[in-house]
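The next block holds one structure in the form of C-alpha cells; read it before the comments.
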Ligand SMILES: Nc1ncnc2c1ncn2[C@@H]1O[C@H](COP(=O)(O)OP(=O)(O)OP(=O)(O)O)[C@@H](O)[C@H]1O
C-alpha cells in the first residue's frame, strides 16, 4: 500500500566500491522508490549487496553513478544535519557507545534538532518518550549500553532512529539478534508505524517468512546484482521469490509460503489426505524423509489422517492392509517397515 507520495527515489543508481581507478559494481541502473506509509523489506542472500545499498541510500557511501533524491532533493546536495532530519539509518555494526546509557544514546537521535550541546525542549522529551515506548525499550532505558544484550541494544538503536523522527527510516537487519516473538513484534511494530505515522521504512532482513507476511513491497537482490521489486504475493506467484534463494536440496512451497528441506526423493510415493493441519505437518515430515506425495492412483501407500476424540489418528492403507498410528514417528516407521518387508 502506498500513501501516494514518494519520499525517496533513486535514478539510474549504481552501487559498489572504488579502489584507486577500479570499480567493483554490486548493482546497477537501480530506479527505486519508497512511498509514504510503506514498509519495504530488502532481501537477498549473503553478499548480495543489501548493506551496500543501505549505506548508499543513507548517504554513508557515495554511489558509483546516478542520484538519490529524498523529498525531491538530491541527497548529495544536502548538509548532513538536513539529511539527518529527513532520513535515519541504523546499521548492523555494533556501535561504540562507551559508557553511555540507553537513554543517552536514544537522546542522540534528537541531535539534528538540538545541536551537539543543545538542551532538550518539551517536544524533544516527548519524541524520546514516544520512541522508547514504541521500541519497547522502557525497561532498559537506564542501563549502560555495554551491559545490554545484542537484542536489547538493537531495540535502543531502533528507539534512537524513532526519536530522530524522520520521514524515511532505513534499518539494516533490525531483527538479527532478536528471539522469534521479538522478531515478530518488531515486524508488526514497523508495519504499524509505517501506516500510522506515514513514514517510509526500508529494512533488510534474512527473515523471509516474516518479510512475506509484513512487507508492503519486497526488494529482492540476486547474486548477479539484479534487483526485482514487487508485492510479496506477486513475487511468490511468478517464481521470482524462489529463484532469488534457489539452492539444491530445498524448494519453496507456494501453498505454505515456506522453504522446505527436501531429502533425496526416493521412489516411494504416498498419498495423503485428511484434516488440513495434520496433513500439513505430516507432509513436511514425509518429504524430509524422502517420500514423494502423489495422488491416490499413483501412490503405493495411502495415508488418511483425522482427529478421533481429539487425538490424531493416521490410517495407513498398504495393499489393502490397514493399520493405524497415533503419531508421525510411528507412521514413518510403519511405512518403512512395509517398504523393506
Ligand atoms: N569495503 C568493501 N570493499 C569491496 N567490496 C566490499 C566491501 N564491503 C563489502 N564488499 C562486497 O560487496 C558485496 C556485497 O556486500 P554486502 O555487505 O552489501 O552484502 P549483504 O547482502 O549485506 O550481505 P550479508 O547478508 O552477508 O550481510 C560482497 O561481495 C562483499 O564482499
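Bear in mind these aren't lab numbers, they're just calculated from the coordinates by the rules spelled out. For clarity, every value in this text was computed on a predicted model and none was experimentally measured. Reconstructed Cβ throughout: ideal geometry from the backbone, glycine too, with neighbour counts over all protein chains shown.
Overview of results
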| read-out | value |
| --- | --- |
| Segment 199-341, relative contact order [Cα under 8 Å, separation at least 6], % | 13 |
| Cα-based helix-to-principal-axis angle, 276-288 vs the chain, degrees rounded to 10 | 90 |
| Mean separation of Cα contacts under 8 Å (6+ apart) over length of segment 269-340, as relative contact order % | 27 |
| Relative contact order (%) - criterion: Cα under 8 Å, at least six apart; region: the chain | 16 |
| The chain, Cα convex hull volume normalised per residue, Å³ | 189 |
| Within the chain, helix-based [θ] at 222 nm, where runs of 4 or more DSSP H residues each add -39,500 (n - 2.57), nearest 500 | -10000 deg cm²/dmol |
| The chain: angle of helix 328-340 to the longest principal axis, Cα-based, in degrees nearest 10 | 50 |
| Share of Cα-Cα pairs in segment 269-340 lying beyond 14 Å, as whole percent | 55 |
| Separation of alpha-carbon centers, segment 202-278 and segment 61-134, rounded to whole Å | 35 |
| Degrees between helix 150-163 axis and first principal axis of the chain (Cα, 0 to 90, nearest 10) | 50 |
| Burial order of peptide ranges 82-88, 101-107 (average beta-carbon count within 10 Å, highest first) | 101-107, 82-88 |
